[in-house]
Amino acid sequence: MEKGEDSKENLKQHNSCVIGPNNAKERRKEAYHVRGEIVEFQKKEPLPEHHCNNDEHLFFNKIANYSKGLPHNSLGEVELKAYKSYIHSLRTGSPSDFESIPIGGVVKLSNPQASYAFELVGPDSHHLSVNAPPSFSSAWEASDIAEVYWQALTRDVPFEDYNTNPLTLLAASDLSKFSDFRGPKANRLVSTGTLFRGVTPGDLIGPYISQFLLNDIPFGATTIIQRYRTTLAGDDHITSYPEWLNIQDGLSPTTKNTIDPTPRYIRNGRDLAAFVHKDFNYQSILSACLILSSLGNAALDPANPYLDSKTQVGFITFGIPHILDWVAKAARSALEAGWFQKFLVHRRLRPEEFGGRLHNHLTGAACYPIHAELLNSKVVSQVHSKFGTYLLPQAYSEGCPTHPSYPAGHACMVGAGVTMLKAFFNEGFVLPNPVAASSDGLSLIPFQGPSLTIGGELNKLASNIALGRDAAGVHWRSDGIEGLKLGEAVAIGIMQDYKKTYNENFNGFTLTKFDGTTIKIG
């Protein structure tokens with residue numbers, strides 16, 4: 001800057017109406033340093049290794065990888081020329097290459113180019129890793145798919161009836177026999193009290209459905225009653241082989257979901273699957289945030305710098321606009337991290353696709369290396385007895401989305417949002433007047449049992465949303481569990497980047513991770 005220009009700037013600052021500890025020049029310099037420190041922090045983070053299960057290299061016919069929407073042969077195996085074009089596009093990242101991918105029908109791939117997007121706050125999507133998913137032939141994969149089959153067969157059983165219903169009793173008994181089942185257990189066995197639940201602290205306490213999916217939602221000048229549109233009992237799809245094959249090619253479904261005309265509280269797996277079918281990306285977290293914000297200061301995290309202030313309350317910082325912003329911000333960033341893993345690392349097949357492999361193997365149309373524990377399980381005979389095929393019954397007429405399975409996008413999003421809420425609110429706060437949905441979903445009934453805390457019910461919300469996609473037949477448990485952890489890492493990274501942006505005397509966020517450990521960010 002020339003000397004004359006410098007004098008003009010000083011004169012402008014002298015005549016400015018702005019007050020505060022810094023003049024404009026000092027503020028600009030300080031803002032530069034704050035942003036620069038964030039860049040340096042991310043730059044110095046160690047680069048992760050991205051491990052996969054190597055199934056894509058093990059099976060030349062790509063039977064263990066996602067290919068829905070591409071053309072397939074009569075076995076539902078992807079045409080290799082189309083798959084190679086798909087891989088070539090992912091490898092180059094060229095927008096024009098993506099436009100050359102052969103598709104088999106009318107359904108398009110879901111936003112693979114999001115895998116390359118950059119974020120300006122928080123960790124880069126390529127800078128976070130997840131564990132490799134189970135391999136196609138493993139006992140872990142066998143238990144994963146068996147659980148999804150049982151969820152499909154028990155969609156219409158009310159959660160309140162799990163302890164007495166013959167199907168859920170049989171499901172718990174059958175899953176207990178798998179050598180590598182990774183869901184929660186009681187005394188080393190799957191019970192109706194642990195069936196289809198998550199593994200985070202609080203998941204096994206109280207009703208299956210989180211209070212944040214049952215309680216009324218304060219929504220500005222109105223209140224939202226959490227009774228939702230669902231589908232009728234028995235509304236299962238893609239159980240015939242010709243329909244399954246058409247859906248793999250990306251053709252439109254020939255059936256439609258049959259909607260229940262009566263809105264209901266979420267009372268069974270079908271209702272939960274319907275909720276996570278039509279929700280917008282951070283709907284459940286927004287609802288939880290609004291419910292929590294109505295509980296008063298006692299529900300806020302004790303470290304909130306305004307709780308002890310005699311003259312101020314939080315608003316733009318440490319108030320509801322701050323929380324709402326971070327919930328939305330973290331949700332999108334978590335989806336970007338998930339999309340990178342889905343398309344550029346794992347490309348794991350969906351349970352719907354695996355169901356076709358199982359059907360063709362058991363009917364003798366093909367021979368696939370499927371683990372014997374699945375082939376000998378009771379769920380296989382149960383599904384064939386009911387539907388006449390070994391295909392996985394889908395809750396959605398179109399089946400699964402057109403992006404790979406691992407990790408689950410819903411899980412990434414809700415994992416990030418729940419982590420943000422645990423940072424701002426008091427995890428130990430006991431929620432008042434807990435409820436459960438009645439067996440018909442038309443009313444709420446008081447829950448008489450152990451106290452339910454904010455932390456536990458937020459964890460349960462995360463599991464409900466993640467595993468609710470399993471209840472629909474579109475994801476595996478391992479997709480959800482790993483997705484929650486990835487979303488959590490995204491949220492923590494965002495909080496780390498913001499830690500030097502506050503003027504308040506703030507000692508940092510403290511929260512409990514999904515694995516039960518406590519961390520402080522500050």
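The values are calculated or read from the model by the stated rules, or taken from the named source; none is laboratory data. It should be emphasised that the depicted structure is a prediction, and the values quoted were computed from it without experimental measurement. Heads up, the Cβs are rebuilt from the backbone with ideal geometry, glycines too, and the neighbour counts pull from every protein chain shown. Quick note on the areas: whole protein, heavy atoms, side chains included, nothing else; ligands and nucleic acids left out. Shrake-Rupley method; radii C 1.70, N 1.55, O 1.52, S 1.80 Å.
Every residue in the range 380-389 that is within 22 Å of S179 (Cα to Cα) and without any contact (Cβ under 8 Å) to a residue 24 or more places away in the chain, please.
S381, the sole residue that qualifies.
How many residues are out of contact with any Ser or Thr (no Cβ under 9 Å at 6 or more places or on another chain), part of a helix (DSSP H, G or I) and among the aliphatic types (A, V, I, L, M) when one looks only at the range 273-311?
The total comes to 6.
Could you look through the range 24-53, keep only residues that are modelled with pLDDT under 90 and assigned to a loop (DSSP other than H, G, I, E, B), and pick out the one that is surrounded by the most Cβ atoms within 10 Å (Cβ to Cβ)?
The qualifying residue surrounded by the most Cβ atoms within 10 Å (Cβ to Cβ) is E45.
If I filter the range 104-114 for residues that are more than 19 Å from R350 (Cα to Cα) and within 20 Å of the chain's Cα centre (by Cα), do I get at least one hit?
Yes, the range 104-114 contains at least one residue that is more than 19 Å from R350 (Cα to Cα) and within 20 Å of the chain's Cα centre (by Cα).
Among the residues of the range 380-394, which ones are buried (at least 22 other Cβ atoms within 10 Å of the Cβ) and aliphatic (A, V, I, L, M)?
V383, L391, L392
Would you be able to tell me the number of residues in the range 295-313 that are of a type in the set (S, T, N, Q) and either in contact (Cβ under 8 Å) with a residue 60 or more places away in the chain or open to solvent by less than 40 Å² (accessible area, probe 1.4 Å) (or both)?
2
Being surrounded by fewer than 15 Cβ atoms within 10 Å (Cβ to Cβ) and charged (D, E, K, R) is true for just one of R182, R188, R155. Which residue is that?
R188
Hey, can you tell me all the residues within the range 444-462 that are more than 12 Å from F212 (Cβ to Cβ) and either buried (at least 24 other Cβ atoms within 10 Å of the Cβ) or aromatic (F, W, Y) (or both)?
Matches in the range 444-462: F447 only.
Taking the condition of being open to solvent by 10 Å² or more (accessible area, probe 1.4 Å) and in a loop (DSSP other than H, G, I, E, B), how many residues in the range 220-237 meet it?
Result for the range 220-237: 10.
Which residue, of S129, S125, S173, is out of contact with any His (no Cβ under 8 Å at 6 or more places or on another chain), open to solvent by 40 Å² or more (accessible area, probe 1.4 Å) and small (G, A, S)? Give the steps one after another, and end with the answer.
On the way: S129 fails: out of contact with any His (no Cβ under 8 Å at 6 or more places or on another chain); S125 fails: open to solvent by 40 Å² or more (accessible area, probe 1.4 Å).
The conditions single out S173.
So which residues in the range 395-407 are under 15 Å from V148 (Cα atoms) and either surrounded by fewer than 22 Cβ atoms within 10 Å (Cβ to Cβ) or out of contact with any strand residue (DSSP E or B) (no Cβ under 6 Å at 6 or more places or on another chain) (or both), if there are any at all?
A395, Y396, G399, C400
Give me the residue from the range 99-119 that is among the aliphatic types (A, V, I, L, M) and surrounded by 13 or more Cβ atoms within 10 Å (Cβ to Cβ) and, out of that set, farthest from I247 (Cα to Cα). Don't jump to the end; show me each part of the working.
Step one: of the range 99-119, the residues among the aliphatic types (A, V, I, L, M) are 101, 103, 106-107, 109, 114, 117.
If we keep only those that are surrounded by 13 or more Cβ atoms within 10 Å (Cβ to Cβ) as well, we get 101, 103, 107, 109, 114, 117.
Working: I101: 18, I103: 12, V107: 9, L109: 13, A114: 24, A117: 29 Å.
Filtering first and then ranking leaves A117.
Say we look at the range 355-379 and pick out the residues that are β-branched (V, I, T) and either open to solvent by 10 Å² or more (accessible area, probe 1.4 Å) or free of Cβ contacts under 8 Å to residues at least 60 places away in the same chain (or both); which of these is farthest from N257 (Cα to Cα)?
Out of the qualifying residues, it is I370.
Give all pairs with beta carbons closer than 8 Å in which a residue from the range 225-250 that is hydroxyl-bearing (S, T, Y) meets a residue that is open to solvent by 50 Å² or more (accessible area, probe 1.4 Å) and modelled with pLDDT of 95 or more; count only pairs at least 6 apart in sequence or on separate chains.
Listed by first residue and then by second, the contacts come to Y228/P263; T230/I259; T230/P263; T231/T258; T231/I259; T239/F387.
Only residues in the range 39-50 that are under 13 Å from S125 (Cα atoms) count as the first member; pair them with residues that are outside any loop (DSSP other than H, G, I, E, B), Cβ under 6 angstrom, at least 6 apart or cross-chain, and list the lot.
Correct list of pairs: H50/V345.
Would you mind stating whether S89 is at pLDDT 95 or above, part of a helix (DSSP H, G or I), buried (at least 17 other Cβ atoms within 10 Å of the Cβ) and within 20 Å of the chain's Cα centre (by Cα)? If you could, list the steps in order and put the result at the bottom.
On the way: at pLDDT 95 or above: yes; part of a helix (DSSP H, G or I): yes; buried (at least 17 other Cβ atoms within 10 Å of the Cβ): yes; within 20 Å of the chain's Cα centre (by Cα): no.
No; evaluated as a whole, the condition is false for this residue.
Is it the case that the range 314-327 has a residue that's open to solvent by 10 Å² or more (accessible area, probe 1.4 Å), over 26 Å from F118 (Cα atoms), assigned to a loop (DSSP other than H, G, I, E, B) and touching a residue at least 12 places away in the same chain (Cβ under 8 Å)?
For the range 314-327, residues open to solvent by 10 Å² or more (accessible area, probe 1.4 Å), over 26 Å from F118 (Cα atoms), assigned to a loop (DSSP other than H, G, I, E, B) and touching a residue at least 12 places away in the same chain (Cβ under 8 Å): absent.
Restricting the range 198-219 to residues that are in contact with a Leu (Cβ under 9 Å, 6 or more places away or on another chain), open to solvent by 30 Å² or more (accessible area, probe 1.4 Å) and part of a loop (DSSP other than H, G, I, E, B), which is nearest to I259 (Cα to Cα)?
N215
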